[in-house]
Structures are given as C-alpha cells and as structure tokens.
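Data first, discussion second: the structure below is written as structure tokens.
Since every read-out is calculated from the coordinates, none of them should be taken as a lab result. Please read these numbers as outputs of a predicted model, since none were measured by experiment. All Cβ positions, glycine included, derive from the backbone under ideal geometry; neighbour counts span all protein chains shown.
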C-alpha cells in the first residue's frame, strides 16, 4: 500500500514537471518566433525604402554606379534568403553597402542639401537602428530558450519533446570587421 | 532586456500601498470634518467613496494630467521623425508591445520624463532643448533610461505619487488653515468650540504628519534612477551614450524647466531646478548626484 502511494506521488511529480516545462518552453518558443517577426518587419521596411533612396541619389551620384548596384544586389538577396543565417548575412551586407553610400554622400554637398534625401537618410538610419535592436532582442530570447533546453534535467525531456536549439541572428565576419570609411 | 520581476512586483505593491495610505488619509480627514458636524460616519463614508473615485480617475488619466501640467504636447512622426525612430527602436529592444506616445516640451532646458499607468499606456516627454543638444547616441541613452522606467512600472508608481501626494498636501494645508481661521473667528463666542477646534488641529497634525512622511519615504528612491541607468545600458549596450548625455545635462547652465514644480520634479531624468546644495535639498533629493551616475556608467 505504502509503496504504491510513493510510486503514485513520484509519477505525478514527474508528470507535473514535464507539463510545466513543456508550457514554459512553448511560451519561450513563441516569444522567439515573435521577436524574429520583429526583425522581418524592419528588414521589409528597409527594403521598401531603398528604391526611393536609389532614385533620389541617382541624379547626383553619376560616378558611384557600383555602390548603387551593390545596394540593389544586397536588397534582392535579402528577399531571396529564407534561413535565419541567410537573412542575417544578407542584412549585414546591405547595412555595409548603405553605410558606404552615406559615407560617399558626404562628398556631394548638393545631395546633402536635398530635403528628400535627408528625410530618407533619417528614415533608413532609424530602420537600421531598429533592425539592430530587434536582432539584439531576438538573440537574447534565443539565448534564454537555448539555455533552458540545455539545462539539466530539462535536456533529457526537451529533446524527446522535439525542442531544438534556435539559431541566433548572428553578425557575419564581414560585419564584425570595422567598416573603413573614406572621406 | 530582462527587467527583474522583483522590480515590477515592488512597484505594483508600492502603488497599492500608496493608494491605501491615500484612502486612509482622505478617510481620516473626512472623519474629522464629520466629527465637527457631529456625524463622523457620514464624513467617513463620503470621503472614502470620493477618495476611491478620485484614485480611479488618477489611475486612468493621471498621465494626461501630468503631461498637461508640464506643458508637454503630443507630436507626430512628421514633426519629429528622429525622436520617433529612437523611441520605436528602443521599444523593440525592450520587447514592449506598444510604442509609448511621444511628447515634446517647448523648453531650452535639457530634460525628459516618462509617465503612464503601465507599459501599454505610456508616454515619453522630452524638452526641445534636449532634442537640439544631444546627438543620436545620447538621445538613445536618455530614451532607454525612460523606457526602463516604463518597463518596470516605475511610471505607474511615480504617476500616483505625483498626484496623490500633491492632493493630500494641498488638502491638509487647506483644512489646517481653515480650522485655524475658523478658530480665530470664534474665539469670543464659544469657549467650547474653541477647544474642539484645537483638538481637531492637533489630531490632524498628529495623524497626518507621519502618514505623509511615510508616503514621501516610499516615493523617494534614489535607487530607482541608478536602476534605470543600468537597464538603459542593457538596452543600448552603449553606456557612453547615456554618460555623455548626463554630462551635457549637468553642464547645462539653465536646468530650469518652466513648467516643472515640486510635485513633478521626481519624474524627470535630472532635477529640473537650479542647483542649490542645501542640506535639505540633499536629504530630500529625488535624484542621486549626477556625477555619481556618470561615474558608474563610465565604469561599465
């Protein structure tokens, strides 16, 4: 009689533990998903702004064809990327090309006096910052989630329940290098 | 950013405690008035009901009261794209659902504050001086500081403090004065009444002073500013931005915000008055010394 009681208690404790763990993991996983959606929204916003930017600079920057081409290329590769790493890589490439565009723009006083260009520059800088913040938040959530499923004894159960490590939105090597800006 | 849940719980608890003290004080004042008119219960009940209604009103519209008291105006994204972008970016960094509304105070002083009942209903107000003199990194530091106040429910507690303590001091001041004046007038007529008035005044003083003191002690937490500075850095990951902003604020020759008063002072990121370092100021200062804050940020 006593042994049965003990076994029942142990089993219910284990079952309760699994239920709480599962629900906690689901909640975290949804937060990870939601914070990735945040990055996506901003990436899209930036992509929408770029044609306008290219149009407004084209007239002034006759000698910077390659910069503009790089931007258009990077923009396209974001749209085609589907994996987290692919998006992260394409995004940081676009960030870098935009940086060099704005650096080059310093050489064109007429462009810097153009109201439309300044507005777009502010809009894009704002979006760039939002991408960085969204990425930071996403990576924080991913770390939280990964730590939770890797911890003992969670790791024994999380794997069986089908939870896998999420990928963080990593800066690629090219982004980690300091961007050389020439004036 | 991971705000410790302790901070949030603390602020919610303190808010309820403050409301409790407020209702208690209002009830006592009502009871005393009732006592004078020989009907203590009517006074008690009426005042508590009025106090509860007022609290509910303050809870839901206190932020609007504070914003209009401070001369802050709601601005559109078109007018201040720069400010909007910074606020939106930090909302994302903090993982909040709703973007706080942006308000601007027409003032050359460098200052900012946040208010609201919870992160879903919040506002950030900055002075035009701040927008003009800070660069993007510095503005991000200041907004991140305000975002931390929003995320850990400092705003709710600070909003209630501002208005409830304000109204209690006002009321008790008014009542005390009217009792005293009333006492003077009736001196010759009725000796009996005179003693009653004196007793009442004594009672009011004896009961209210420690209670108001307690409320103010709850409200003054210099730790709050340090905490907000620290969590601002977890948002921007760039302590120098806020440090530089604070240094510019410190070096500003005219820190006076025209519409700020004693009641709203503790909301701002830095004391909105001219600096007078008296002992009283230091003891009851709502903000830690700005030099100390800069030092801590620079050591991060």
By the gyration tensor of its Cα atoms, with a ≥ b ≥ c the square roots of the eigenvalues, what is the shape of the protein assembly as shown: rounded for a/c under 1.5, prolate for a/b over b/c, or oblate?
-> oblate
Mean separation of Cα pairs under 8 Å and 6+ residues apart, divided by the residue count of chain A: what relative contact order is that in percent?
-> 33 percent
Checking A:32, A:142, A:67 against a Gaussian network model of chain A (alpha-carbon springs below 10 Å), the top fluctuating residue turns out to be A:67
Please find the FRET efficiency linking residue B:60 to residue B:97, where r is the Cβ-Cβ separation and R0 is fixed at 25 Å, and quote it to the nearest 0.05.
-> 0.85
Select from A:147, A:127, A:97 the residue whose mean-square fluctuation is largest in a Gaussian network model of chain A (Cα-Cα springs shorter than 10 Å).
-> A:147
Shielding by partners, peptide A:85-94 (average Cβ within 10 angstrom, other chains) = 0
Counting other C-beta atoms within 10 Å, which of A:56, B:122 has the fewest, and how do the rest follow?
-> A:56, B:122
In peptide A:122-129, how many Cβ atoms from other protein chains are near each Cβ within 10 Å, on average?
-> 5
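As an exercise, use a Förster radius of 35 Å and the Cβ-Cβ distance of residue A:79 and residue A:150 to find the FRET efficiency, rounded to the nearest 0.05.
Computed FRET efficiency for residue A:79 and residue A:150 comes out at 0.55.
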Using alpha carbon centers only, the stretch A:126-169 is separated from the stretch B:19-52 by a whole-angstrom value of 54 Å
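If you take the beta carbon distance between residue A:27 and residue B:79 as r and set R0 to 56 Å, what does 1/(1 + (r/R0)^6) give as a FRET efficiency, to the nearest 0.05?
Details: r = 39 Å, r/R0 = 0.70.
In this case the efficiency is close to 0.90.
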Partner shielding of B:246-252, taken as the mean number of other chain Cβ atoms within 10 Å, equals 0
Per-residue ellipticity at 222 nm for chain A, helices alone: DSSP H runs ≥ 4 residues times -39500 (n - 2.57), over residue total, nearest 500 deg cm²/dmol?
-> -27500 deg cm²/dmol
Return B:75, B:257, B:271 ranked ascending by Cβ neighbour count within 10 Å, so the fewest neighbours appear first.
-> B:75, B:271, B:257
For chain A, modelled as a Gaussian network with Cα springs under 10 Å, which listed residue fluctuates most, A:135, A:45, A:27?
-> A:27
From the square roots a ≥ b ≥ c of the eigenvalues of the alpha-carbon gyration tensor of the stretch A:108-168, which class results: rounded (a/c under 1.5), prolate (a/b over b/c), or oblate?
-> prolate
For chain A, just say rounded, prolate or oblate: build the C-alpha gyration tensor, square-root its eigenvalues into a ≥ b ≥ c, call rounded for a/c under 1.5, and beyond that prolate if a/b exceeds b/c, oblate if not.
-> prolate
Arrange the following residues from fewest to most other Cβ atoms within 10 Å of their Cβ: A:1, B:65, B:28, B:300.
-> A:1, B:300, B:65, B:28
